[in-house]
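Working notes, beginning with the structure itself.
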Amino acid sequence: MAELRPFRGLRPPKELAQKLVAPPYDVVNAEEARAYAKGNVHSFFRVSRPEIDLPPGTDEHADEVYAKGRENLALFQREGWLRQEAEPCFYLYRQKMGSHVQTGVVAAASVEEYDAGRIKKHELTRADKEDDRTRHVDDLGGNDEPVFLTYRASSAIGALVEEGTRGAPEYDFTTEDGIGHTFWVVRGELNARLREAFRAVPALYIADGHHRSAAASRVHALRQKRGEGGGHDRFLAVIFPHDQMQILDYNRVVKDLRGLSPEELLRRLGERFDVKQGAQKKPGQVHQFGMYLGGKWYQLSSKPGTFEQTPTGVLDVTILQRNVLEPLLGIGDPRKDSRIHFVGGIRGMEELERLVDGGAWKVAFSLFPTSLDQLMAIADAGEIMPPKSTWFEPKLRSGLVLHLF
């Protein structure tokens, strides 16, 4: 059972929304966030990336950074740039990227369900990133950015979402990247009907936001220990049906061939793959890979018996890791090895060619996208996906609505 609740969202007035919203905190570095927010006092990066209001070079994890985030959030509320809803409600958030459209429900999700494993994860988290998000959320006194959740699509929920989007939206704009964002406030008894419909959903799955959800759990435990009340048993989430989600490929480039010549690498690859030169750059199906080496593209097709028939074993990221990256190129832990770099599919094959042709990277691999069915099967089995297995697009904009404790 998924216990989602309406909440009194903190959000910008209609005329300010497009100017205020910003990309997620973790898709930019401090310098990029500072450049993005330049000249815009309303930029939400001043809350989600508050180091941009401190001298360049300031440690992102310094006490003054978290204090500045709290100070800026108070400023945004004082100036009326963010205003709290009078009554608890759900929100509906639609994104349009080219021909792709996805519509999700914005809600307060349950920390208890996350802790009990009914909000299922598929990735490991890093302690330093958990620590950062825990401190950030605790100091703010609320969730400033949502966790991206999914569920197996339900016709009943779909009908209610469609009903809620018939009226005029609260926000409707297109951001600089060409993605459309449309946002509705759910009013009246539709809130209760949505809440009841989600109770028939057996499980929710984290698509993106493992560190934010882990931080929500830790903040709840901290505040319980301190004897503080409030809504810290909930965290901000946007929940999309699985059949509307879009996962792009997540590709790899490697700095060197670990002493192998290109010819030797091709020979060794031939032991586990059927290798063709001049084939298409992007794989057309699972268990097929593109490789860019020495200015040429190759197609690698996995031979039978070269991978395990388990939920994680059949993933193409696993096949590449166990058959190429580790045994041939010496990449044992891709989360820590500086010789590997990950490139989101949104950047295209041209980015892989540019990196290799520039000389800093020796070889690139393009992968077929992981599917939502694979992600949910792995989460259901209690297994963990390899790092950088999924790249979701479009990304959720931050600042449309916050959840305060």
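Annotations for the structure displayed:
- Region 102-192, relative contact order in percent, only Cα pairs under 8 angstrom and at least six apart counted: 17
- Rounded tilt (10° steps) of 127-140 against the dominant C-alpha axis of the chain: 20
- Segment Ser371-Gln280, length gained on full extension (0.36 nm per residue, minus Cα span): 30.7 nm
- Between the Cα long axis of helix 155-164 and the first principal axis of the chain there is an angle of about 50°, rounded to the nearest 10.
- Across region 240-253, coupling constants 3J(HN,Hα) worked out from phi with the 6.51/-1.76/1.60 Karplus curve, θ = phi - 60°, read 10, x, 5, 7, 10, 7, 10, 9, 9, 5, 10, 9, 10, 10 Hz, and Gly and Pro carry x.
- Evaluated over the chain, the Cα radius of gyration and Dmax, each in Å: 22.3, 68
- The residues of region 207-271 have, on average, 42 Å² of accessible surface per residue, using a 1.4 Å probe with all protein chains present.
- Net charge, Thr390 excluded, C-beta distance under 11 Å - Lys, Arg +1, Asp, Glu -1: -3
- Crossing angle, helix 63-78 versus the chain [Cα axis fit, 0-90 degrees, rounded to tens]: 50
- Contact order relative to length of the chain, as percent, for alpha carbon pairs under 8 angstrom and 6 or more apart: 24
- Averaging the sequence gap over all C-alpha pairs within less than 8 Å and six or more residues apart, then dividing by the number of residues, gives region 36-192 a relative contact order of 26 percent.
- Between His242 and Glu71, residue separation times 0.36 nm minus the direct Cα-Cα distance comes to 57.8 nm.
- Efficiency of FRET between Asn29 and Ala168 - r from beta-carbon atoms, R0 41 angstrom, step 0.05: 0.60
- Cα gyration tensor shape of region 242-349, rounded if a/c is under 1.5, else prolate or oblate by comparing a/b with b/c: rounded
- Once the 1.4 Å probe is applied to the protein heavy atoms, region 22-176 comes out at 45 Å² accessible per residue.
- Region 110-212: C-alpha gyration tensor shape, a/c 1.5 cut-off, then a/b vs b/c: oblate
- Amide hydrogen neighbours beyond the local backbone of Arg234, cut-off 5 Å, H modeled: Val111
- Counting protein heavy atoms only, the chain has 48 percent of its accessible area on carbon and sulfur, 1.4 angstrom probe.
- Under 15 Å, Cβ to Cβ, from Tyr292 - net charge with Lys/Arg +1 and Asp/Glu -1: +3
- Length released on extending from Ala62 to Asp380, taking residue separation times 0.36 nm less the Cα-Cα span: 110.7 nm
- The lysines whose alpha-carbon is closer than 18 Å to the alpha-carbon of Lys296, local same-chain residues fewer than 8 away aside, are Lys255, Lys276, Lys281, Lys282, Lys362.
- Take each peptide in 161-170, 284-293, count the other Cβ atoms within 10 Å of every residue, and average; sorted highest first, the result is 284-293, 161-170.
- Structure remark: mean-square fluctuation, Gaussian network model of the chain, C-alpha springs under 10 Å; the largest value among Lys129, Lys362, Lys225 belongs to Lys225.
The values are calculated or read from the model by the stated rules, or taken from the named source; none is laboratory data. None of these values were measured; they are calculated from a predicted model. Note that each Cβ is placed from the backbone with ideal geometry, even for glycine, and that neighbours are counted across all protein chains shown. Ligands, DNA and RNA are excluded from the accessible area calculation, which covers all protein heavy atoms including side chains. Shrake-Rupley method; radii C 1.70, N 1.55, O 1.52, S 1.80 Å.
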